[in-house]
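Contents: one structure, followed by commentary.
The values are calculated or read from the model by the stated rules, or taken from the named source; none is laboratory data. All values reported here derive from a predicted model rather than from experimental measurement. Cβ sites come from the backbone with ideal geometry, for glycine too, and all protein chains shown count toward neighbours.
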């Protein structure tokens with residue numbers, strides 16, 4: 001056999017080995033991708049399973065949240081008798097705030113855009129509502145304590161009710177004039193805290209803003225405090241409606257708006273029609289904010305803050321560190 005033929009045979013054999021290794025690598029990669037997809041599909045199926053959610057809900061109701069709610073009620077009762085409940089709630093809030101602030105930046109590449117939040121006084125903090133985690137994530141965007149109103153049903157849900165109570169939230173009866181809840185709002189506004197309020201009254205299915213109730217406007221005028229609007233993008237993917245599990249890694253953006261003052265109406269007798277007009281105006285403001293924020297959020301898409309801001313046109317708000 002000629003020397004050239006021997007060299008050729010060796011080269012062909014080497015190529016076969018390389019091709020085989022590549023084929024094995026591609027097959028392994030495909031298998032890994034398929035395995036990941038199966039795991040993701042299984043997790044999604046479990047997360048959205050109505051039967052599983054009903055079964056888990058029944059177990060939690062029967063066991064008092066595996067005993068957590070019962071122990072929490074006893075603990076809060078003891079603190080109340082000792083006169084320490086408010087101090088412990090405030091401490092819990094700020095410890096949670098610090099943890100969430102850090103987690104927001106790491107787990108969801110969180111960025112905050114827009115205006116500086118008022119340094120002094122109290123007011124009403126209104127946001128768009130797309131997820132169960134909204135109150136916690138939106139509140140960490142500002143360095144003020146936010147006391148949230150939440151539908152009464154959340155205070156009957158195992159574990160959730162304890163978390164909400166410890167976070168200083170209070171219940172609201174929907175579809176009725178809840179004077180007890182309004183009295184709580186007034187008491188919060190007399191402190192340096194802010195009241196968290198979702199003017200839509202329920203979560204949005206598609207991320208667009210629904211009709212606004214007039215409650216926040218009326219309270220802002222009666223108590224002579226401002227309203228500060230806040231909107232988010234990406235939070236609807238963190239804990240989608242109907243899902244059991246929180247999703248990590250998806251970028252989240254938050255935008256703080258300018259405070260809205262209603263000084264000109266403080267000494268006026270307002271009709272429902274006027275209040276609804278002001279509510280519609282607030283909705284229009286927040287719709288514009290959402291449009292602007294989504295334009296920024298789409299550009300981010302996992303890029304670094306520096307790269308994102310280079311792409312943004314002049315005039316867009318810079319993110320707060």
Which residues, taken from region 166-202, are surrounded by fewer than 17 Cβ atoms within 10 Å (Cβ to Cβ) and within 15 Å of the chain's Cα centre (by Cα)? 202
Of all the residues that make up region 264-278, how many are farther than 21 Å from residue 291 by Cα, touching a residue at least 24 places away in the same chain (Cβ under 8 Å) and part of a helix (DSSP H, G or I)? 4
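Per-residue answers, yes or no, for (1) buried (at least 16 other Cβ atoms within 10 Å of the Cβ); (2) in the same structural domain as residue 288 (by TED's automatic domain parsing); (3) at pLDDT below 95; (4) at positive phi:
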site: 107; (1), (2), (3), (4): yes, yes, yes, no
site: 110; (1), (2), (3), (4): yes, yes, yes, no
site: 119; (1), (2), (3), (4): no, yes, yes, no
site: 124; (1), (2), (3), (4): yes, yes, no, no
site: 127; (1), (2), (3), (4): yes, yes, no, no
site: 130; (1), (2), (3), (4): yes, yes, yes, no
Considering only residues that are at pLDDT below 90 and crowded, with 16+ Cβ neighbours inside 10 Å, which ones fall in region 280-298? none
Any residue that is closer than 16 Å to residue 279 by Cβ and surrounded by fewer than 19 Cβ atoms within 10 Å (Cβ to Cβ) - is there at least one of those in region 225-246? yes
Would you confirm whether any residue within region 153-174 is outside any helix (DSSP H, G or I), touching a residue at least 40 places away in the same chain (Cβ under 8 Å), assigned by TED's automatic domain parsing to the domain that holds residue 94 and in contact with a strand residue (DSSP E or B) (Cβ under 9 Å, 6 or more places away or on another chain)? yes
